[in-house]
Amino acid sequence: MTLGIKRPKRERRIPDVLTKEEVNRLIEAIPTKKSKLMVTLAYACGFRVSELIGLKVSNLNFEEMVGYIRQGKGRKDRMFNIPQRLLTKLKKQVETQKEIGEEYVFSGKNGSLTDRNIQKIVRNAAKKAGIKKDVHPHTLRHSFATHLLENGTDIRMIQELLGHADLSTTQIYTHVSTEELKKIHSPFD
């Protein structure tokens, strides 16, 4: 039953985004190899935290350099590219997991990781790296999308990589890309 009352529009804030230099500082500030690999992969593939901790060994295809997110947000599957720079480290991590009979690419001492584990790693690394922005694991996803856009990647490709059903969700990154905005000159100039 609707009463004909319109809801106010939901506030849409422009997300915080790290510069490429800040992403590098953040990653370098992480002390352990496994944590560094997790955070690097999250940024390099634009993962949500749930996708990172739910990533299974069986969802990686090293021959084709791709992986699959199965039943991500919205119960959708999507493909991602495995970054060449992470190939050796990721293969080593997968072999370690296979040796202990673990189905997930990343696990903790007591089994599966939680989103809190990842949040803590990112928060501590941001603090150690001296980054003053409010940094969360999802900030890496925003940074991934923004950096792709700044590099000239078509927004529809970014939409596909992020697994967004609606292009309007992806278009938030057109407002975030300060590098692209800096390229625009005033007609007065």
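G67 passes every criterion in (1) of a type in the set (G, A, S); (2) within 25 Å of A29 (Cα to Cα); (3) surrounded by 15 or more Cβ atoms within 10 Å (Cβ to Cβ) apart from (2).
Within segment 125-132, does at least one residue satisfy the condition of being free of Cβ contacts under 8 Å to residues at least 24 places away in the same chain, buried (at least 17 other Cβ atoms within 10 Å of the Cβ), of a type outside the set (A, V, I, L, M, F, W, C) and assigned to a loop (DSSP other than H, G, I, E, B)? Within segment 125-132, not a single residue is free of Cβ contacts under 8 Å to residues at least 24 places away in the same chain, buried (at least 17 other Cβ atoms within 10 Å of the Cβ), of a type outside the set (A, V, I, L, M, F, W, C) and assigned to a loop (DSSP other than H, G, I, E, B). Kindly indicate which of D77, D16 is at pLDDT below 90, surrounded by fewer than 17 Cβ atoms within 10 Å (Cβ to Cβ), of a type in the set (D, E, K, R) and closer than 30 Å to K133 by Cα. Exactly one of D77, D16 is at pLDDT below 90, surrounded by fewer than 17 Cβ atoms within 10 Å (Cβ to Cβ), of a type in the set (D, E, K, R) and closer than 30 Å to K133 by Cα, namely D16. Identify the residue in segment 80-98 that is in contact (Cβ under 8 Å) with a residue 12 or more places away in the chain, of a type outside the set (A, V, I, L, M, F, W, C) and surrounded by 12 or more Cβ atoms within 10 Å (Cβ to Cβ) and, among all such residues, is nearest to G163 (Cα to Cα). The selected residue is N81. Has segment 69-89 got any residue that is small (G, A, S) and out of contact with any Gly (no Cβ under 9 Å at 6 or more places or on another chain)? Taking every residue of segment 69-89 in turn, none turns out to be small (G, A, S) and out of contact with any Gly (no Cβ under 9 Å at 6 or more places or on another chain).
The values are calculated or read from the model by the stated rules, or taken from the named source; none is laboratory data. Keep in mind that what you see is a predicted model, and the values were worked out from it rather than measured. Counting neighbours? That spans all protein chains shown, and the Cβs are built from the backbone with ideal geometry, glycine included.
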